[in-house]
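Below: one structure, written as structure tokens.
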């Protein structure tokens, strides 16, 4: 590994913060491009570059002396990055082709279908009749193609009225949405994969994810590894080889009785992988960077039999009271409090996931956020 | 816990680096006072204050807005700190009284004896006859009272000639030394304790430490807990209560067939506790800071059955070749290479300490340092 390799991250939120924090003591020099001195990454990094990743001049200045470039978000327009960074001499990971493919739900879903990754049936059309016909088979979910997250840009259409209201509002911009068949599932499951520049792929454990108000609230794991899980890993590996993905990528599934239906992927480190900071001997943040630096990756091994990760989400604007630390390992992002905002998370590891989740929920009661 | 409490650390070496790195994502704001931008703490902290802790003006400027102050080294003269910081409004931990007591091997050893912590018999005298008489009972170790570390300032006097040579050189400065009876031991053992501002004391596991050229080379653990170990913990707890110690403190012992003989203590986070970064659910760095912030401390629990920590020590001046990361978790301090310098460490955790140590020694062969 090259001593002092300079890695740039577009964005300065908590993902960038943790990429900084996990890597800056491992011979790497991590730089973040972020608009504010108060962003989470700025709080932990001596190499914050103040600027807007969406501003070409800032982006060019930031990338001037970097060896590598990566993102904490898939929402930076890939075409803009391709154009602006055409002379960048370092390595960009994941590639801008991958970013382009995956930042649009339409091309993302199409790529699942092409690569035999089971996903809910969907259509993309500007023909209202086609949408109404598709609805006759059952409830739908309309999803924004770009920039959707945590339920933002997602519309569940259970009834004919839901559909009519949606179409009334959006009939002039139907190109911006896809319509998926709503899946009846038991619960949601996620996994992070990491693939190196030479195609070595490793996996973190499968986890169960619990949402609250469309946001990840709690993650527990590991999920018991069944045949369905093993088969999915093989398919993911083939898929990542096919698109030549480099870095960490998060996969989110609907778990039905017999199978896993791929909901969506995030081409970056992922909230459902924050447990790896404490549950595994190498975490998703460090391994994301190693993907670009090394041909082969360390194989993540679990420290403990079970883990629970609890997101700390603001319930109001304004003041925060943080209790004394007692159990679990706190990660606090240093952001101001706002209702619905992810402010931090706590990792618990131990013998039994139900017990850890009980402990996590008890711990949450001590917080005033 | 107060959000954004400002904690200052005197010194910017690797201990300060790790204090920064482990705390800066836990609602705390850690500042380091260090002379160089290239010091390890500077590489990971946005709050480096360039200056010399031994310069009163720098110290005063640095401490102006801090809530807490601590040290990465026991070598800052306590009397100078007391005088310079007499108006400091925050909390200093450990207290400057503790620092004064423990930075002098004479008062340190005397305090062991007073508190029934078994230690090797010693004398402090400027009377050469007394020293020669003490030598008649067996080989001695002369130790500098102040600023000794890693064998520096330690002189083993096995033979009459060793003693004569030592006295020839040092007869005019005998006040600066103590003379200890040399202990015949099986191996060396260490433990870290942490005590909160309200007297809550917790322990990390006992470890075996292996030295090479008088430097800690490798640590493995946990040591099997025997009655002697349990009794020592009780004595340590009483001792820390007696001196009202706040923070992490490292204890180093000679293990003989039936007992533990206390060699020395370091009133700070300690190299033999670096394993806690990966072996336990709370590490020595974070808990050191929590000692000042909280009344009660989290109880450190081990993640794994066994651990090994390998120090990466420079074997020559100049270039370093770092292999790709494969096993273990690397901590690299970002220092330039120099023969004998501690450049980093790797933590291994797993089922069996012998297997981990074998792995560690194999890993070391991949390094060119």
Revision key, fill the gap. Among the residues of the stretch A:297-307, the number that are assigned to a loop (DSSP other than H, G, I, E, B) and either modelled with pLDDT under 95 or more than 7 Å from chain B (Cβ to nearest Cβ) (or both) is 7
Exercise for review: Report yes if residue B:6 is within 13 Å of chain A (Cβ to nearest Cβ), modelled with pLDDT of 95 or more and surrounded by fewer than 19 Cβ atoms within 10 Å (Cβ to Cβ), otherwise no.
Suggested key: yes
Check your understanding: If you take the residues of the stretch B:337-359 that are over 22 Å from the mean Cα position of the chain (by Cα) and in a loop (DSSP other than H, G, I, E, B), which of them is farthest from residue B:207 (Cα to Cα)?
Key -> B:351
Review point. Of everything in the stretch B:252-267 that's under 8 Å from the mean Cα position of the chain (by Cα) and assigned to a strand (DSSP E or B), which residue is nearest to residue B:288 (Cα to Cα)?
Key: B:266
Practice item. Considering only the stretch A:344-365, state which residues are within 11 Å of another protein chain (Cβ to nearest Cβ) and over 18 Å from residue A:273 (Cβ atoms). Key: A:350, A:351
**Study point:** Which numbered condition residue B:223 fails, given (1) within 14 Å of another protein chain (Cβ to nearest Cβ); (2) outside any strand (DSSP E or B); (3) surrounded by fewer than 24 Cβ atoms within 10 Å (Cβ to Cβ)
**Key:** (1)
Exercise for review: Considering only the stretch B:273-282, state which residues are touching a helix residue (DSSP H, G or I) at 6+ places or on another chain (Cβ under 8 Å) and either surrounded by fewer than 24 Cβ atoms within 10 Å (Cβ to Cβ) or at the interface with chain A (Cβ under 9 Å from one of its Cβ atoms) (or both).
Suggested key: B:277, B:281, B:282
Exercise for review: Please go through the stretch B:173-202 and pick out each residue that is farther than 25 Å from residue B:146 by Cβ and more than 21 Å from the chain's Cα centre (by Cα).
Suggested key: B:184, B:186, B:198
Practice item. Inspect the stretch A:295-305 for any residue being more than 17 Å from residue A:369 (Cα to Cα) and free of Cβ contacts under 8 Å to residues at least 24 places away in the same chain and give the result as yes or no. Key: yes
Practice item. Given the conditions (1) at pLDDT 95 or above; (2) surrounded by fewer than 16 Cβ atoms within 10 Å (Cβ to Cβ), report the number of the one that residue B:147 does not fulfil. Key: (1)
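So that you can scan it fast, the table gives a plain yes or no per residue for (1) touching a residue at least 40 places away in the same chain (Cβ under 8 Å); (2) surrounded by fewer than 12 Cβ atoms within 10 Å (Cβ to Cβ):
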{"site": "B:69", "(1), (2)": "yes, no"}
{"site": "B:93", "(1), (2)": "yes, no"}
{"site": "B:155", "(1), (2)": "no, no"}
{"site": "B:171", "(1), (2)": "yes, yes"}
Check your understanding: From B:319, B:336, which residue is more than 10 Å from chain A (Cβ to nearest Cβ), closer than 27 Å to residue A:295 by Cα and either in contact with a helix residue (DSSP H, G or I) (Cβ under 7 Å, 6 or more places away or on another chain) or modelled with pLDDT under 95 (or both)?
Key -> B:336
Exercise for review: Output the residues belonging to the stretch A:360-369 that are in a helix (DSSP H, G or I) and either out of contact with any strand residue (DSSP E or B) (no Cβ under 7 Å at 6 or more places or on another chain) or surrounded by fewer than 19 Cβ atoms within 10 Å (Cβ to Cβ) (or both).
Suggested key: A:361, A:362, A:364, A:365
Check your understanding: Regarding residue B:310, is this residue more than 9 Å from every other protein chain (Cβ to nearest Cβ), under 30 Å from residue B:7 (Cα atoms), assigned to a strand (DSSP E or B) and under 18 Å from the mean Cα position of the chain (by Cα)?
Key -> yes
Point to revise | Selection within the stretch B:12-24 - within 12 Å of another protein chain (Cβ to nearest Cβ) and not in a helix (DSSP H, G or I) | key: B:12, B:24
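The values are calculated or read from the model by the stated rules, or taken from the named source; none is laboratory data. Please read all numbers here as calculations on a predicted model, not as lab measurements. Don't worry about glycine lacking a Cβ; one is built from the backbone with ideal geometry, like all the others, and counts go over all protein chains shown.
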